[in-house]
Amino acid sequence: MNQEKKSISVEELKMEPYRILLSYPNIIDERVERLVRELAKAGVSKILFAGKTRLDGLNVLGKGCTAIVFAAETVYGKAAVKVLRVDANRKTLEDEAKFLKTVNLHNIGPKLYYTSREFIIMEYVEGKKISEYVNELKGRGASRRLKNIIKAMFEQAFKLDQNSIAHCELSNPLKHIIIDNNERPVIIDFESATLNKKYSNLTSLAQSLFIGGKISPKIRKIVNIKDKEKIVSALREYKMRRDFESFKKVLESVKINF
């Protein structure tokens, strides 16, 4: 189908073709009815068809193995609503919400507004995927702007490490970091997060951005890094020590001053 409406009321989620947003991939009538009531009670008034992902002809913010994410008008303002898939490998989104609530205390991730078993309402982050941002970055000041963003990303990853929170997906930042309209990097999707004292978010992120990721050659070119060995060495030391001094050495290895 071709999507015509740009928004619908929360009650219209009971109708075709919109029901799929609440019960994907299989329509369960009872589930749709119940979630419409719960969303309305939680302060959702309209569903907004935004985002580049298509789901049965509807524009949504994201479609993953665990959930569907769509934009909405709510009592919190414009927000993102994440709804558990019918065939998800878990019964609830409550664990993800707990991690999101925790990282919010450190100014990491989208702000969490509302939690239930089968959906969460959180900040709608408008911006670009990091790959889009880097590929479009050019002109005077490009290196400085990118360094500021990388520093902010690394600081967030370091905070996660210090609190033993493993995001577990930062080896693929292209899908899990958005650069918002204020050039602030936002780590999203904490659905795979876990407590793990040995996991290194910073190492995973830095290796992808500077060593072996799809956009690492472009990033090294913009930042003017020709030797990867210094970065590898700094990351190796950080993975063993995971302290502030080794963190600073990682920043220095990519030509960023703390």
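The values are calculated or read from the model by the stated rules, or taken from the named source; none is laboratory data. If you're wondering where the values come from, they're calculated on a predicted model, not measured in any experiment. We place every Cβ from the backbone using ideal geometry, glycine too, and count neighbours over all the protein chains shown. Just the protein is used for accessible areas: all its heavy atoms, side chains included, with ligands, DNA and RNA removed. Shrake-Rupley method; radii C 1.70, N 1.55, O 1.52, S 1.80 Å.
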Practice prompt. Could you grab me the full set of residues in the range 245-258 that are within 17 Å of ILE149 (Cα to Cα), charged (D, E, K, R) and either touching an Asp or Glu at 6+ places or on another chain (Cβ under 7 Å) or not in a loop (DSSP other than H, G, I, E, B) (or both)?
Written response: LYS248, GLU252
Discussion item. Here is a list: SER171, SER131. Which entry is open to solvent by 70 Å² or more (accessible area, probe 1.4 Å) and among the small types (Gly, Ala, Ser)?
Written reply: SER171
Response to the item:
Filtering the range 211-225 down to residues that are touching a Lys or Arg at 6+ places or on another chain (Cβ under 7 Å) and in a helix (DSSP H, G or I) yields ILE211, VAL223
Item to complete: Give the residues of the range 226-244 that are open to solvent by 20 Å² or more (accessible area, probe 1.4 Å) and either part of a helix (DSSP H, G or I) or touching a residue at least 60 places away in the same chain (Cβ under 8 Å) (or both), sorted by residue number.
Response: GLU229, LYS230, VAL232, SER233, ARG236, GLU237, LYS239, MET240, ARG241, ARG242, PHE244
Fill in: Residue list for the range 1-57, restricted to those being assigned to a loop (DSSP other than H, G, I, E, B), within 13 Å of GLU73 (Cα to Cα) and open to solvent by 40 Å² or more (accessible area, probe 1.4 Å)
LYS6
Worksheet item: Given the structure, is VAL223 farther than 30 Å from ARG90 by Cβ, of a type in the set (Val, Ile, Thr) and open to solvent by less than 20 Å² (accessible area, probe 1.4 Å)?
Response: yes
Discussion item. Taking the criterion of being without any contact (Cβ under 8 Å) to a residue 12 or more places away in the chain and either among the aliphatic types (A, V, I, L, M) or closer than 22 Å to GLY139 by Cβ (or both), would at least one residue in the range 178-187 satisfy it?
Written reply: yes
Worksheet item: When the range 208-225 is examined, which residues are found to be charged (D, E, K, R), free of Cβ contacts under 8 Å to residues at least 60 places away in the same chain and under 24 Å from GLU169 (Cβ atoms)?
Response: ARG220
